[in-house]
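Colleague: This is the structure, below, for whatever I ask next.
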Amino acid sequence: MLFNKDQFGFGLILGFIAPIFGLFGYYYWKFSLFTLNEFFQVLMLQKSLLSGIISIALIANAIVFTVYINKQKDKTAKGVFIATCVYALISLGFKWFI
């Protein structure tokens with residue numbers, strides 16, 4: 001039922017939530033020796049690491065986008081794509097300006 005929706009707003013919500021799951025997945029994969037608080041402190045201190053992790057977290061959006069494109073749910077896929085672009089701009093902003 002969740003994969004059958006074809007709404008732009010639903011795609012935006014999925015597009016903004018999926019990278020959060022990607023971020024926590026990367027944390028458990030690479031940084032599980034640290035506490036979650038320590039992990040976020042390191043991210044705030046090393047901005048280059050933050051932009052790289054955001055980029056990796058966007059792989060979750062690529063998966064969601066591919067699922068909805070393959071199911072021909074174009075409005076939802078468009079929402080996921082727009083959210084991905086917003087995250088990419090934020091990542092570039094961190095890399096270039098902070």
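Colleague: State all residues of region 60-88 that are aliphatic (A, V, I, L, M) and either more than 20 Å from Phe40 (Cα to Cα) or at pLDDT 90 or above (or both); if no residue qualifies, say none.
Modeller: Hits for region 60-88 are Ala60, Ala62, Ile63, Val64, Val67, Ile69, Ala77, Val80, Ile82, Ala83, Val86.
Colleague: Within the set of pairs 6 or more residues apart or between chains, which connect a residue that is within 22 Å of Val80 (Cβ to Cβ) inside region 14-42 to a residue that is among the small types (Gly, Ala, Ser) and at pLDDT 90 or above with Cβ atoms less than 6 Å apart?
Modeller: Gly15/Gly79; Gly15/Ala83; Phe16/Ala83; Ala18/Ala60; Pro19/Ala60; Phe21/Ala60; Gly22/Ala60
Colleague: May I pose another question? With region 1-91 as the region, which helices (runs of 4 or more DSSP H) entirely inside it contain at least 2 residues that are of a type in the set (Phe, Trp, Tyr) and buried (at least 17 other Cβ atoms within 10 Å of the Cβ)? Walk me through how you get there before you give the answer.
Modeller: Numbers: elements: 8-30, 36-45, 47-57, 59-70.
Per the criteria, 8-30, 59-70.
Colleague: Considering Asn61, Asn70, which residue is more than 15 Å from the chain's Cα centre (by Cα) and either among the hydroxyl-bearing types (Ser, Thr, Tyr) or at negative phi (or both)?
Modeller: Checking each option against the conditions leaves just Asn70.
Colleague: Could you tell me which residue of region 41-59 is farthest from Gly25 (Cα to Cα), considering only residues that are among the polar types (S, T, N, Q) and modelled with pLDDT of 80 or more?
Modeller: So, considering only residues that are among the polar types (S, T, N, Q) and modelled with pLDDT of 80 or more, the one farthest from Gly25 (Cα to Cα) is Gln46.
The values are calculated or read from the model by the stated rules, or taken from the named source; none is laboratory data. Predicted, not measured: the structure shown is a model, and the values here were computed from it. No Cβ is skipped: glycine too gets one built from the backbone with ideal geometry, and neighbour counts run over all protein chains shown.
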